[in-house]
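Student: I have a structure here, written as structure tokens, and I will follow up with some questions on it.
The values are calculated or read from the model by the stated rules, or taken from the named source; none is laboratory data. In this text the structure is predicted, and so the values were computed from the model without any measurement. Cβ atoms come from the backbone with ideal geometry, glycine included; neighbour counts cover every protein chain shown.
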Amino acid sequence: MVSSGGTSLQTQITHRDVAAFAENTVNLHRGDVAAHRAQVNRLREQLEKHIAETPEAPLMKMLLSGSLAKGTALSTLNDIDVAVYVWGDAAPTDDGELLDWLADLLRAAYPNHAPDQIRVHPGSHCVTVSFRGSGLDVDVVPVLYYGDEDDRGFLVTKDSGERVLTSIPLHLQFLRRRKDRDQHCAQIIRLVKWWARRQKAEREGFKCKSFIIELICAKLVDDGIDFSNYPRALEEFFAYVAKSGLQERIAFTDHYDETELPQATGSPIEIFDPVNPQNNVASRYEVGDRDLLVSAARDALDALTEAHYSDTRGRALDAWRDVLGPSFRGTA
């Protein structure tokens with residue numbers, strides 16, 4: 001744990017400063033949340049209408065997923081994740097055809113959309129539907145479902161046809177438990193995501209997907225780290241990444257036993273899906289990806305340490321801007 005220190009220096013940037021920045025700049029505002037949810041509801045209604053008119057369509061239900069469902073969306077959000085549960089026995093027998101089949105269904109449901117507004121990306125799990133009026137993209141993810149009471153099902157990768165076990169409700173439940181333990185958990189996730197977004201723009205090859213950020217924050221909550229002071233909580237996050245080097249395994253036992261986890265996988269980073277013990281969510285990260293992420297976290301920790309001990313507000317602001325970007329003003 002990062003020490004709060006015994007210095008008599010006045011901290012130039014406070015929790016209130018960071019909280020104000022989060023509220024005014026980082027967070028997706030409530031009005032936008034409502035508008036985005038309304039967009040999803042319209043998509044759901046249109047699909048339900050099409051399904052009612054096409055009884056042979058093997059769709060079961062649609063669930064909001066991703067950052068909007070988790071309460072971790074940023075103000076920069078321009079795409080929404082939605083899961084469509086498909087009866088596995090009625091879906092195309094070739095898993096590699098599933099996304100193209102879903103794309104055809106969506107084109108039938110939205111006949112006024114241009115071809116480039118409904119598209120499948122190579123290597124993805126989803127079909128993207130673009131709405132030109134709102135500027136939003138809705139990523140529609142098919143989940144092959146076989147009747148599991150916890151809504152477990154399988155994602156299917158477009159190119160390889162690989163199946164990945166998942167459960168939208170259990171993922172939401174997992175994060176909700178951490179948010180219940182620490183009401184500031186979602187905010188720290190959003191702040192770190194904001195930092196990572198900036199790193200992707202400034203560091204060539206930088207990778208740090210949101211799910212990894214969520215799971216590291218969940219581990220810190222489980223370890224008893226207090227997120228109520230935002231500067232200190234960010235220090236804790238970056239200190240963990242920097243000091244561990246992301247070389248220790250992260251896993252959770254909410255929905256499976258520890259014995260179900262695999263032996264060492266050989267992956268440079270091992271962070272396991274809390275629903276699927278066979279899914280290392282960082283399996284595609286190479287040593288260079290890990291080293292770049294750890295280096296960025298060390299730089300962020302150094303900047304926050306410098307800000308903490310700065311004797312002028314101007315120097316502290318400069319250090320914080322290295323972490324949160326030039327729009328950070330430090331005014332509560």
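Student: Which members of region 123-135 meet the condition of being over 20 Å from Met62 (Cα atoms) and more than 20 Å from the chain's Cα centre (by Cα)? Quick ask: steps written out before the conclusion?
Tutor: Step one: of region 123-135, the residues over 20 Å from Met62 (Cα atoms) are 123, 132-135.
Selection gives Arg132, Gly133, Ser134, Gly135.
Student: Can you report the number of residues in region 250-272 which are touching a residue at least 60 places away in the same chain (Cβ under 8 Å) and surrounded by 17 or more Cβ atoms within 10 Å (Cβ to Cβ)?
Tutor: Looking only at region 250-272, we keep the residues that are touching a residue at least 60 places away in the same chain (Cβ under 8 Å), and these are 252, 254-255.
With surrounded by 17 or more Cβ atoms within 10 Å (Cβ to Cβ) added as a condition, the list becomes 252, 255.
Result for region 250-272: 2.
Student: Follow-up. For the structure I just gave you, tell me whether Gln199 is at negative phi, polar (S, T, N, Q) and in a loop (DSSP other than H, G, I, E, B). Lay out the reasoning, then the answer.
Tutor: Values: at negative phi: yes; polar (S, T, N, Q): yes; in a loop (DSSP other than H, G, I, E, B): no.
When the stated conditions are applied, Gln199 does not pass them.
Student: Additional query: Scan region 32-49 and tell me whether some residue there is among the β-branched types (Val, Ile, Thr), closer than 26 Å to Arg132 by Cβ and crowded, with 17+ Cβ neighbours inside 10 Å. Steps first, answer last, please.
Tutor: Here is the first cut: in region 32-49, the ones among the β-branched types (Val, Ile, Thr) are 33, 40.
Remaining after also requiring closer than 26 Å to Arg132 by Cβ: 33, 40.
Okay, now just the ones that are also crowded, with 17+ Cβ neighbours inside 10 Å, so 40.
Scanning region 32-49 turns up at least one residue that is among the β-branched types (Val, Ile, Thr), closer than 26 Å to Arg132 by Cβ and crowded, with 17+ Cβ neighbours inside 10 Å.
Student: Considering every residue within region 319-326, establish whether at least one is closer than 16 Å to Tyr240 by Cα, more than 22 Å from the chain's Cα centre (by Cα), at pLDDT 95 or above and surrounded by fewer than 19 Cβ atoms within 10 Å (Cβ to Cβ).
Tutor: Scanning region 319-326, I find no residue that is closer than 16 Å to Tyr240 by Cα, more than 22 Å from the chain's Cα centre (by Cα), at pLDDT 95 or above and surrounded by fewer than 19 Cβ atoms within 10 Å (Cβ to Cβ), so the answer is no.
Student: Tell me, yes or no, whether region 275-290 has at least one residue that is under 17 Å from Arg232 (Cα atoms) and either at pLDDT 95 or above or hydroxyl-bearing (Ser, Thr, Tyr) (or both). Full working, then the answer.
Tutor: Here is the first cut: in region 275-290, the ones under 17 Å from Arg232 (Cα atoms) are none.
Taking every residue of region 275-290 in turn, none turns out to be under 17 Å from Arg232 (Cα atoms) and either at pLDDT 95 or above or hydroxyl-bearing (Ser, Thr, Tyr) (or both).
Student: Something else now. For region 273-293, name all the residues that are surrounded by 19 or more Cβ atoms within 10 Å (Cβ to Cβ) and more than 30 Å from Pro169 (Cβ to Cβ). Spell out how you get there, then give the answer.
Tutor: Taking region 273-293 as the starting set, the residues that turn out to be surrounded by 19 or more Cβ atoms within 10 Å (Cβ to Cβ) are 273-277, 280-282, 285, 290, 292-293.
Across region 273-293, the qualifying residues are Arg290, Leu292.
Student: Look at Leu77 and say whether it is in contact (Cβ under 8 Å) with a residue 40 or more places away in the chain, surrounded by 14 or more Cβ atoms within 10 Å (Cβ to Cβ), assigned by TED's automatic domain parsing to the domain that holds Val140 and not in a loop (DSSP other than H, G, I, E, B).
Tutor: Numbers: in contact (Cβ under 8 Å) with a residue 40 or more places away in the chain: yes; surrounded by 14 or more Cβ atoms within 10 Å (Cβ to Cβ): yes; assigned by TED's automatic domain parsing to the domain that holds Val140: yes; not in a loop (DSSP other than H, G, I, E, B): no.
No, not satisfied.
Student: Next question. Only one residue in Arg119, Arg107, Arg132 is out of contact with any Asp or Glu (no Cβ under 7 Å at 6 or more places or on another chain), of a type in the set (Lys, Arg) and at pLDDT 90 or above. Which one? If you could, list the steps in order and put the result at the bottom.
Tutor: Details: Arg107 fails: at pLDDT 90 or above; Arg132 fails: at pLDDT 90 or above.
Exactly one of Arg119, Arg107, Arg132 is out of contact with any Asp or Glu (no Cβ under 7 Å at 6 or more places or on another chain), of a type in the set (Lys, Arg) and at pLDDT 90 or above, namely Arg119.
Student: Please go through region 104-126 and give me each residue that is under 18 Å from Lys49 (Cβ atoms) and out of contact with any Phe, Trp or Tyr (no Cβ under 9 Å at 6 or more places or on another chain), ordered by number. Before you say what the answer is, go through the steps one by one.
Tutor: Looking only at region 104-126, we keep the residues that are under 18 Å from Lys49 (Cβ atoms), and these are 104-113, 118.
Within region 104-126, Asp104, Leu105, Leu106, Arg107, Ala108, Ala109, Tyr110, Pro111, Asn112 qualify.
Student: Then there is this: Answer yes or no as to whether Ala108 is touching a residue at least 24 places away in the same chain (Cβ under 8 Å), in the same structural domain as Val86 (by TED's automatic domain parsing), not in a loop (DSSP other than H, G, I, E, B) and not basic (Lys, Arg). Talk me through it step by step, then tell me what you get.
Tutor: Numbers: touching a residue at least 24 places away in the same chain (Cβ under 8 Å): yes; in the same structural domain as Val86 (by TED's automatic domain parsing): yes; not in a loop (DSSP other than H, G, I, E, B): yes; not basic (Lys, Arg): yes.
Spelling it out, Ala108 is indeed touching a residue at least 24 places away in the same chain (Cβ under 8 Å), in the same structural domain as Val86 (by TED's automatic domain parsing), not in a loop (DSSP other than H, G, I, E, B) and not basic (Lys, Arg).
Student: Let me ask you something else. So Arg44 clears everything in (1) more than 30 Å from Asp311 (Cβ to Cβ); (2) modelled with pLDDT of 90 or more; (3) basic (Lys, Arg) except one condition, right? Which one?
Tutor: Going through (1) more than 30 Å from Asp311 (Cβ to Cβ); (2) modelled with pLDDT of 90 or more; (3) basic (Lys, Arg) one by one, Arg44 breaks only (2).
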